[in-house]
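Here the structure is laid out as structure tokens; the discussion comes afterwards.
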Ligand code: CS2
Ligand code: MG
């Protein structure tokens, strides 16, 4: 069996997506997501110029050898561009493998460990009151777990506050939007928000919060401690994680569960965090961390230390990633939760899929493969639009972590 052709499809049905489609001599095709928010064309070129010529003529069933070929064989290892490209190839090959077997992808991984996948949605508002109402709307929609982000008095354009109600789209301009950050204002505000959420909705709903890399380890420890009474499911990306040992400072001072990993791209980025039990949830995804092949290694390693999964699932990860992630989540023994930010109707139409939401959970479909396809004709109607993520500066102009 041979790969006969492959192509990169760049489209923008509401936002930009990069998709790899692989064709075989047996008529079976597979697709993988290669979207890297704000840097899409670099992965498109990596695939088209440097990866696709290597795919033609190779046996698509040897996904492990292909992974090693693209990782070791490139000589230049790791990094978001390389690893997103490898992820797209790997996801497409697992899609093909499952279609050849005539089985949904989760069956090839080891079958079902659960019937349904717990997801969390994104509630947000410009003010504390609006955010409290938004959480109520998610509860009404059936969500059991909700992430709450709010505008903060005195901070213009805080992270996580949407223009629409169902999804948050940060990559909003061809050149980065400038936002302002103020840690003391944030630290004073956030405990008040979660106090109100628990007063209003009681103990039942799981509540999550994303710090989005803004704090120092000591500030993160202070926040974690002040949120302990409100029993968060997790506090996410509390501090940047290039220095994995930074999490030891947070860990030793608070019992608020910690989640990290959406920007990681290999097991090496989270090795110390996991083996030292400095985190509770690892958030690497099929898309960013080398596809099913590598994510499975991360999850198995994490299981040794009772660290559970919590895959990133923002709108910049296409429905292809969501489909593959749901098969992974249905199998992975140490599953924690799956992020679920809904896609726009235009996006859903370009990527027909068989997963569905019901009562706070997502269910992967039963069709062979990962269950997501691309309507290329429709995709062609939405050409690429340059869009970058915002940046954050302190009030004195210092560049901060967005
Ligand atoms: C966020 C994302 O979903 C999350 O947890 O951190 O919204 C993130 O900002 C985007 O995926 C960046 O592209
Ligand atoms: Mg996040």
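The values are calculated or read from the model by the stated rules, or taken from the named source; none is laboratory data. Keep in mind that what you see is a predicted model, and the values were worked out from it rather than measured. Every residue, glycine among them, receives a Cβ derived from its backbone with ideal geometry; neighbour counts consider all protein chains shown.
Looking only at region 240-258, decide whether some residue is in contact with a strand residue (DSSP E or B) (Cβ under 8 Å, 6 or more places away or on another chain) and in contact (Cβ under 8 Å) with a residue 60 or more places away in the chain.
no
For region 86-106, how many residues meet the condition of being over 18 Å from residue 27 (Cβ atoms) and out of contact with any strand residue (DSSP E or B) (no Cβ under 8 Å at 6 or more places or on another chain)?
Number satisfying all stated conditions: 2.
What helices (runs of 4 or more DSSP H) lie completely within region 1-118 and have 2 or more residues being surrounded by 20 or more Cβ atoms within 10 Å (Cβ to Cβ)?
40-45, 63-71, 80-101, 105-109
Can you name the number of the only condition in (1) more than 22 Å from residue 160 (Cα to Cα); (2) assigned by TED's automatic domain parsing to the domain that holds residue 161; (3) buried (at least 19 other Cβ atoms within 10 Å of the Cβ) that residue 359 fails?
Unmet condition: (3).
Residue 215: touching a residue at least 24 places away in the same chain (Cβ under 8 Å), in contact with a strand residue (DSSP E or B) (Cβ under 7 Å, 6 or more places away or on another chain) and within 15 Å of ligand 2 (Cβ to nearest atom), yes or no?
When the stated conditions are applied, residue 215 does not pass them.
For region 386-399, how many residues are in a loop (DSSP other than H, G, I, E, B) and either modelled with pLDDT under 95 or surrounded by 13 or more Cβ atoms within 10 Å (Cβ to Cβ) (or both)?
Result for region 386-399: 5.
For region 119-163: of the residues being assigned to a strand (DSSP E or B) and more than 30 Å from residue 393 (Cα to Cα), which is nearest to the chain's Cα centre (by Cα)?
Per the criteria, the residue is 119.
Whether any residue in region 311-318 is surrounded by fewer than 21 Cβ atoms within 10 Å (Cβ to Cβ) and within 16 Å of ligand 1 (Cβ to nearest atom) is what I want to check.
Checking region 311-318: at least one residue is surrounded by fewer than 21 Cβ atoms within 10 Å (Cβ to Cβ) and within 16 Å of ligand 1 (Cβ to nearest atom).
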